[in-house]
Amino acid sequence: MVVPHHASGARLARRRLAEELGEVVPATLLADLVAVLAELVGNAVRHADPLPGGVVRVAWRLRTSDEGQRITLRVTDGGASDGPRMRSADPDAADGRGLHIVSGLASRWGVDRDGLGQSVWAEFEPVGAARSDLVAAG
């Protein structure tokens, strides 16, 4: 789906994700997915350029196997001069914790870049699967 490169884009993406996966995944996982998607879209709006048309592309993929459900979220924007990176935030800071939240909730996350911009993705492994804090830049 595409959402506006605006603060309202995160709300629209969260609502659609919850509608589509609400009956398919456990409530605790859905809460994590919604939180991570909100952070990724919010970061795209605050720190990156929009795609042509003033939008951000949002996608998710659910794969089911014998191990359980694996879900990947992906947010694509027009890129920024500095790529996404985890920052240190003072205890009183109003922001700077978004990718720490993503890293804490997702099994792994990373960034893919191409000629049009960048995609930040987060993957959620089946419950009980090994966790890896991998940040991959491509």
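The values are calculated or read from the model by the stated rules, or taken from the named source; none is laboratory data. On a predicted model such as this, the values are computed, not experimentally measured, just so you know. Here the Cβ positions follow ideal geometry from the backbone for every residue, glycine too, while neighbour counts run over all protein chains shown. When the accessible area is computed, the model is the full protein with side chains, heavy atoms only, and any ligands, DNA or RNA have been set aside. Shrake-Rupley method; radii C 1.70, N 1.55, O 1.52, S 1.80 Å.
Entry remark, region 1-25: residues being open to solvent by 30 Å² or more (accessible area, probe 1.4 Å) and β-branched (Val, Ile, Thr) number 2 in total. If the condition is being among the hydrophobic types (A, V, I, L, M, F, W, C) and either open to solvent by 30 Å² or more (accessible area, probe 1.4 Å) or farther than 19 Å from GLY104 by Cβ (or both), then region 31-58 contributes ALA31, VAL34, ALA35, ALA44, VAL45, ALA48, LEU51, VAL55, VAL56, VAL58.
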